[in-house]
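So the structure is just underneath, and the comments pick up after that.
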Amino acid sequence: MILLVNDANIFIDLLKINLLSDFFQLPYEFHVTDMVATEIHEENRHELDGCFENGSLHKKTFQYEELIEIQLLQVKHRRLSVPDCSCLFHAQKTAGRLLTGDAALRRSAEQNDIQVHGILWVFDQLVEQKIITPQTAYGKLNRLSKTNPRLPGNECKKRLKKWKQG
(Lines give C-alpha, C1' and ligand atoms only; values in the text may rest on other atoms or scores of the structure.)
Protein backbone atom coordinates (compact mmCIF):
# COMPACT_ATOMS: atom_id res chain seq x y z
CA MET A 1 0.00 0.00 0.00
CA ILE A 2 1.15 3.53 -0.78
CA LEU A 3 2.10 5.53 2.30
CA LEU A 4 1.33 9.26 2.40
CA VAL A 5 3.24 11.54 4.78
CA ASN A 6 1.09 14.60 5.39
CA ASP A 7 2.18 18.14 6.08
CA ALA A 8 0.01 20.35 8.30
CA ASN A 9 -1.29 22.53 5.46
CA ILE A 10 -3.03 19.55 3.84
CA PHE A 11 -4.98 18.79 7.02
CA ILE A 12 -5.72 22.47 7.63
CA ASP A 13 -7.21 22.78 4.13
CA LEU A 14 -9.21 19.56 4.49
CA LEU A 15 -10.57 20.63 7.87
CA LYS A 16 -11.56 24.08 6.54
CA ILE A 17 -13.76 22.56 3.84
CA ASN A 18 -14.99 19.50 5.77
CA LEU A 19 -13.29 16.89 3.55
CA LEU A 20 -11.27 15.09 6.20
CA SER A 21 -13.48 12.00 6.47
CA ASP A 22 -13.60 11.74 2.67
CA PHE A 23 -9.81 11.99 2.51
CA PHE A 24 -9.41 8.98 4.78
CA GLN A 25 -11.55 6.89 2.43
CA LEU A 26 -8.75 7.00 -0.15
CA PRO A 27 -6.86 3.68 -0.47
CA TYR A 28 -3.63 4.84 1.15
CA GLU A 29 -1.85 4.51 4.49
CA PHE A 30 -1.80 7.94 6.15
CA HIS A 31 1.03 9.20 8.36
CA VAL A 32 1.86 12.46 10.10
CA THR A 33 4.78 13.30 12.32
CA ASP A 34 4.20 14.33 15.92
CA MET A 35 5.84 17.69 15.16
CA VAL A 36 3.42 18.41 12.33
CA ALA A 37 0.38 17.25 14.31
CA THR A 38 1.07 19.92 16.94
CA GLU A 39 0.92 22.64 14.25
CA ILE A 40 -2.77 22.04 13.50
CA HIS A 41 -5.01 24.37 15.49
CA GLU A 42 -8.27 24.43 13.52
CA GLU A 43 -11.42 24.66 15.63
CA ASN A 44 -12.55 21.25 14.33
CA ARG A 45 -9.18 19.65 15.20
CA HIS A 46 -11.05 16.99 17.22
CA GLU A 47 -11.91 15.31 13.88
CA LEU A 48 -8.20 14.72 13.31
CA ASP A 49 -7.77 13.40 16.85
CA GLY A 50 -10.52 10.89 16.10
CA CYS A 51 -8.49 9.61 13.15
CA PHE A 52 -5.59 8.82 15.47
CA GLU A 53 -7.96 7.00 17.80
CA ASN A 54 -9.59 4.88 15.07
CA GLY A 55 -6.25 4.04 13.44
CA SER A 56 -6.86 5.71 10.08
CA LEU A 57 -3.98 8.13 10.76
CA HIS A 58 -0.62 7.05 12.16
CA LYS A 59 1.47 9.51 14.17
CA LYS A 60 5.24 9.06 13.97
CA THR A 61 7.16 9.92 17.12
CA PHE A 62 10.91 10.06 16.69
CA GLN A 63 13.72 8.55 18.71
CA TYR A 64 16.71 10.65 19.80
CA GLU A 65 18.92 9.49 16.88
CA GLU A 66 16.20 10.33 14.39
CA LEU A 67 15.78 13.80 15.89
CA ILE A 68 19.49 14.42 15.31
CA GLU A 69 19.08 13.42 11.65
CA ILE A 70 16.09 15.75 11.33
CA GLN A 71 18.13 18.61 12.80
CA LEU A 72 20.90 17.88 10.28
CA LEU A 73 18.33 18.01 7.47
CA GLN A 74 17.20 21.40 8.75
CA VAL A 75 20.79 22.66 8.61
CA LYS A 76 21.01 21.43 5.01
CA HIS A 77 17.58 22.84 4.04
CA ARG A 78 17.60 26.20 5.83
CA ARG A 79 14.30 27.33 4.29
CA LEU A 80 12.47 24.45 5.98
CA SER A 81 11.20 24.32 9.53
CA VAL A 82 12.03 21.40 11.80
CA PRO A 83 8.47 20.01 11.36
CA ASP A 84 8.92 20.26 7.57
CA CYS A 85 12.17 18.34 7.88
CA SER A 86 10.40 15.72 9.97
CA CYS A 87 8.06 15.12 7.02
CA LEU A 88 10.96 14.95 4.61
CA PHE A 89 12.83 12.54 6.88
CA HIS A 90 9.81 10.28 7.43
CA ALA A 91 8.98 10.17 3.71
CA GLN A 92 12.60 9.21 2.95
CA LYS A 93 12.74 6.50 5.60
CA THR A 94 9.42 4.93 4.64
CA ALA A 95 9.68 5.42 0.85
CA GLY A 96 6.40 7.31 1.21
CA ARG A 97 4.93 10.09 -0.84
CA LEU A 98 4.78 13.55 0.66
CA LEU A 99 1.61 15.65 0.66
CA THR A 100 2.27 19.37 1.09
CA GLY A 101 1.31 22.78 -0.19
CA ASP A 102 4.62 24.29 0.92
CA ALA A 103 6.74 25.25 -2.11
CA ALA A 104 10.11 25.02 -0.32
CA LEU A 105 9.26 21.60 1.12
CA ARG A 106 8.07 20.44 -2.30
CA ARG A 107 11.36 21.50 -3.91
CA SER A 108 13.42 19.78 -1.21
CA ALA A 109 11.38 16.59 -1.59
CA GLU A 110 11.84 16.59 -5.35
CA GLN A 111 15.60 17.16 -4.93
CA ASN A 112 15.64 14.06 -2.71
CA ASP A 113 13.65 11.98 -5.24
CA ILE A 114 10.55 11.84 -3.05
CA GLN A 115 7.22 11.85 -4.85
CA VAL A 116 5.28 14.89 -3.74
CA HIS A 117 1.66 15.95 -4.26
CA GLY A 118 -0.53 18.78 -3.08
CA ILE A 119 -4.16 19.42 -2.20
CA LEU A 120 -5.21 19.49 -5.87
CA TRP A 121 -3.93 15.93 -6.26
CA VAL A 122 -6.08 15.02 -3.26
CA PHE A 123 -9.11 16.52 -5.01
CA ASP A 124 -8.26 14.62 -8.19
CA GLN A 125 -8.00 11.37 -6.23
CA LEU A 126 -11.30 11.96 -4.42
CA VAL A 127 -13.08 12.48 -7.74
CA GLU A 128 -11.30 9.64 -9.60
CA GLN A 129 -12.06 7.19 -6.78
CA LYS A 130 -15.69 8.40 -6.81
CA ILE A 131 -15.54 9.35 -3.15
CA ILE A 132 -16.94 12.77 -4.00
CA THR A 133 -18.78 13.95 -7.10
CA PRO A 134 -17.33 16.50 -9.51
CA GLN A 135 -20.02 18.91 -8.30
CA THR A 136 -18.92 18.47 -4.68
CA ALA A 137 -15.29 18.92 -5.72
CA TYR A 138 -16.27 22.12 -7.54
CA GLY A 139 -17.97 23.56 -4.47
CA LYS A 140 -15.22 22.58 -2.03
CA LEU A 141 -12.36 23.77 -4.26
CA ASN A 142 -14.18 27.02 -4.99
CA ARG A 143 -14.53 27.57 -1.23
CA LEU A 144 -10.91 26.62 -0.52
CA SER A 145 -9.54 28.87 -3.26
CA LYS A 146 -11.16 31.83 -1.49
CA THR A 147 -9.43 31.06 1.82
CA ASN A 148 -6.05 29.78 0.59
CA PRO A 149 -4.32 32.30 -1.71
CA ARG A 150 -1.29 30.02 -2.10
CA LEU A 151 -3.12 27.55 -4.33
CA PRO A 152 -1.95 27.46 -7.97
CA GLY A 153 -4.55 29.66 -9.63
CA ASN A 154 -4.38 28.27 -13.16
CA GLU A 155 -4.61 24.67 -11.97
CA CYS A 156 -7.59 25.54 -9.78
CA LYS A 157 -9.34 27.24 -12.71
CA LYS A 158 -8.83 24.17 -14.92
CA ARG A 159 -10.39 21.88 -12.35
CA LEU A 160 -13.21 24.25 -11.52
CA LYS A 161 -14.10 24.53 -15.21
CA LYS A 162 -13.96 20.75 -15.68
CA TRP A 163 -15.96 19.95 -12.53
CA LYS A 164 -18.56 22.68 -13.10
CA GLN A 165 -19.47 20.98 -16.37
CA GLY A 166 -19.87 17.72 -14.45
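The values are calculated or read from the model by the stated rules, or taken from the named source; none is laboratory data. It should be emphasised that the depicted structure is a prediction, and the values quoted were computed from it without experimental measurement. Ideal geometry is used to build each Cβ from the backbone, glycine not excepted, and the neighbour counts take in all protein chains shown.
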Of the candidates Val82, Val116, the one satisfying the condition of being of a type in the set (Val, Ile, Thr), in contact with a helix residue (DSSP H, G or I) (Cβ under 7 Å, 6 or more places away or on another chain) and surrounded by fewer than 19 Cβ atoms within 10 Å (Cβ to Cβ) is Val82
Of the residues Leu57, Leu105, Leu72, Leu48, only one is loosely packed, with under 13 Cβ neighbours inside 10 Å and not charged (D, E, K, R); which?
Leu72
Test for Ala137: is it small (Gly, Ala, Ser) and at positive phi
no
Could you check segment 10-38 and list, in sequence order, the residues that are closer than 14 Å to Ser86 by Cα, touching a Ser or Thr at 6+ places or on another chain (Cβ under 9 Å) and surrounded by 15 or more Cβ atoms within 10 Å (Cβ to Cβ)?
His31, Thr33, Met35, Val36
Do any helices (runs of 4 or more DSSP H) entirely within segment 72-166 hold 2 or more residues that are more than 15 Å from the chain's Cα centre (by Cα) and more than 30 Å from Phe62 (Cα to Cα), and if so, which?
119-128, 134-147, 153-164
By residue number, the members of segment 3-45 that are touching a Phe, Trp or Tyr at 6+ places or on another chain (Cβ under 9 Å), at pLDDT 95 or above and β-branched (Val, Ile, Thr) are Val5, Ile10, Val32, Thr33, Val36
Residues that are small (Gly, Ala, Ser) and within 15 Å of Ile17 (Cα to Cα), drawn from segment 127-165:
Ala137, Gly139, Ser145
Being surrounded by 15 or more Cβ atoms within 10 Å (Cβ to Cβ) and not polar (S, T, N, Q): is that true of His41 here?
no
Out of the residues in segment 7-49 meeting the condition of being among the aromatic types (Phe, Trp, Tyr) and in a helix (DSSP H, G or I), tell me which one is nearest to Leu126 (Cα to Cα).
Phe23
